[in-house]
Amino acid sequence: MLFLYNLFVVFASQALKLVATFSPKIKLFVDGRKVAFPTLEQKIKPSDKTIWFHAASLGEYEQGLPVIEKIKEKFPSHKIVVTFFSPSGYEVRKNNTVADVTVYLPLDTKKNAQQFLKLIHPDLVFFIKYEYWPNYLFELKKLNTKTYLVSGILRKNQLFFKWYGGFYREALDAFTYFFVQNETSKKLLQQLGKSNVAVSGDTRFDRVATILEKDNSLDFISDFKNNTLTIVVGSSWPKDEDLIVNFINSNKYNVKFIIAPHNIKEEQIQNLKNSITKKTVLFSEKEGRNLADFDVFIIDTIGILTKIYSYADIAYVGGGFGNPGVHNVLEPATFGVPIIIGPNYSHFAEAIALVNMDACVAVANQKELNEALENLIRNAHIRNEKGHMCSTFVQMNKGATKVITSRL
């Protein structure tokens, strides 16, 4: 099976080069990897001590950031290497200040893994949440490098638990220790004979909790809000936007809306703006405008959604009408904002917990969305109660970073 896996990776690498001529995102994926090895050769010396963190995308990077920061404090003489698999992570955080070197992870071939590890020769390695690349793990095992899974989560449908997943199960032998989010993940690893497991919780709670300590002010958002009840729609997809726009166009309440779409392609943004009958302004055209005059503010840029949530009275978090499901609910939760999501959230423990607590409302259609929004708009007591439950939930689940770093 490992032979077939390696054959697939080689085939995929060639196919991606062809697709890159038509897809800007895949072009970033392909072209970015071309400079990974030259960048490492330039920035990592043979005499350097290094620690490597790998994140699939932006969410995993943010999830692992508390651990990266603590490890950097504990090992100040080491260089921190951060790798991303996805352009949506690398392109947003390639200029981060916590890492000494940030690159795309070269595709998982044996040759790439050997070359990569020879260049960075890490003392410690951390994989955040998931992405178990067999060739990298096999080479780390050969080198006897201390390797850790941070905020890991396992499910029965993963390849490890299939009859044909033997080589994938074998790759797990590379891990010195597994820090997982819940008891279910621990038990699944124990079924595979792994006893080097601890339930540490999710480092995302530590990450979002620290947001409160930062300056989250945005003058232009404050100007737009103008002391008016504001609904923030974060990481929305077209299905989310269809329902939200219907509500915006038909509602009679004194409410403002901020929409931060997941995809900010110009055509999609313009289509969204054109579908709204209320007075609407884009982030890219805000200069010189009296933002208080507008009812809807569309954020056609990236990197400021977290701060925007601090201005929300109600949050709708998108993705819940698609696959794999809802986006990050913890960011609005940490600000004590009541949350509404779509129906697909079963893969996200924090969303499940918040729904079960009645701090978050899951809706499946237009009628349910309208009812949820109207209920929260009309009832300040309910808004405050659900918001308080959200912020308490975040504060009570902090501490995963301390569990992890204390065991190293």
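The values are calculated or read from the model by the stated rules, or taken from the named source; none is laboratory data. Nothing here was measured: the structure is a model prediction, and the numbers come from that model. A quick note on method: Cβ atoms are made from the backbone with ideal geometry, for glycine too, and the neighbour counts reach across all protein chains shown. To get the accessible areas, we keep the full protein, side chains included, count just its heavy atoms, and leave off ligands, DNA and RNA. Shrake-Rupley method; radii C 1.70, N 1.55, O 1.52, S 1.80 Å.
Annotations
- Residue in segment 162-177 that is open to solvent by less than 30 Å² (accessible area, probe 1.4 Å), within 18 Å of ALA400 (Cβ to Cβ) and among the small types (Gly, Ala, Ser) present: no
Residues checked against (1) among the polar types (S, T, N, Q); (2) more than 15 Å from the chain's Cα centre (by Cα); (3) within 17 Å of ASP313 (Cβ to Cβ):
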{"residue": "PRO324", "(1), (2), (3)": "no, no, no"}
{"residue": "GLY336", "(1), (2), (3)": "no, yes, yes"}
{"residue": "ILE341", "(1), (2), (3)": "no, yes, yes"}
{"residue": "ALA349", "(1), (2), (3)": "no, no, no"}
{"residue": "ALA353", "(1), (2), (3)": "no, yes, no"}
{"residue": "MET357", "(1), (2), (3)": "no, yes, no"}
{"residue": "ALA362", "(1), (2), (3)": "no, yes, no"}
{"residue": "ASN365", "(1), (2), (3)": "yes, yes, no"}
{"residue": "ALA372", "(1), (2), (3)": "no, yes, yes"}
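- Wholly within segment 177-234, helices (runs of 4 or more DSSP H) carrying at least 2 residues that are β-branched (Val, Ile, Thr): 203-211
- Scanning segment 337-368 for residues that are within 22 Å of LEU212 (Cβ to Cβ) and part of a helix (DSSP H, G or I) yields a total of 5.
- The residues of segment 20-55 that are open to solvent by 90 Å² or more (accessible area, probe 1.4 Å) and under 15 Å from HIS121 (Cβ atoms), listed by number, are GLU41, LYS43, LYS45, PRO46, SER47, LYS49.
- Test: residue in segment 385-407 that is under 30 Å from LYS156 (Cβ atoms), open to solvent by 50 Å² or more (accessible area, probe 1.4 Å), outside the structural domain of PRO261 (by the TED database) and in a loop (DSSP other than H, G, I, E, B): yes
- Yes/no for ASN196 being within 22 Å of the chain's Cα centre (by Cα), polar (S, T, N, Q) and surrounded by fewer than 19 Cβ atoms within 10 Å (Cβ to Cβ): no
- Residue that is without any contact (Cβ under 8 Å) to a residue 12 or more places away in the chain, assigned by the TED database to the domain that holds GLN366 and open to solvent by 60 Å² or more (accessible area, probe 1.4 Å), where the choices are ASN274, ASN226, ASN254: ASN274
- Residue list for segment 178-193, filter: among the β-branched types (Val, Ile, Thr) and either under 26 Å from GLU139 (Cβ atoms) or open to solvent by less than 30 Å² (accessible area, probe 1.4 Å) (or both): VAL180
- Just one of the listed residues (LYS307, LYS239, LYS286, LYS279) is touching a Leu at 6+ places or on another chain (Cβ under 8 Å) and either open to solvent by 20 Å² or more (accessible area, probe 1.4 Å) or touching a residue at least 60 places away in the same chain (Cβ under 8 Å) (or both), namely LYS307.
- Candidates are the residues of segment 112-124 that are of a type outside the set (Asp, Glu) and farther than 20 Å from VAL9 by Cβ; the one that is most open to solvent (accessible area, probe 1.4 Å) is HIS121.
- Summed over segment 235-262, the residues that are assigned to a loop (DSSP other than H, G, I, E, B) and of a type in the set (Val, Ile, Thr) give a count of 1.
Let's see how each residue does on (1) out of contact with any Gly (no Cβ under 7 Å at 6 or more places or on another chain); (2) open to solvent by less than 10 Å² (accessible area, probe 1.4 Å); (3) modelled with pLDDT under 95:
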{"site": "TYR345", "(1), (2), (3)": "no, no, no"}
{"site": "PHE348", "(1), (2), (3)": "no, no, yes"}
{"site": "GLN366", "(1), (2), (3)": "yes, no, no"}
{"site": "ASN379", "(1), (2), (3)": "yes, no, no"}
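- Just one residue in the set LEU149, LEU140, LEU117, LEU124 is more than 20 Å from the chain's Cα centre (by Cα), assigned to a strand (DSSP E or B) and not charged (D, E, K, R); that residue is LEU124.
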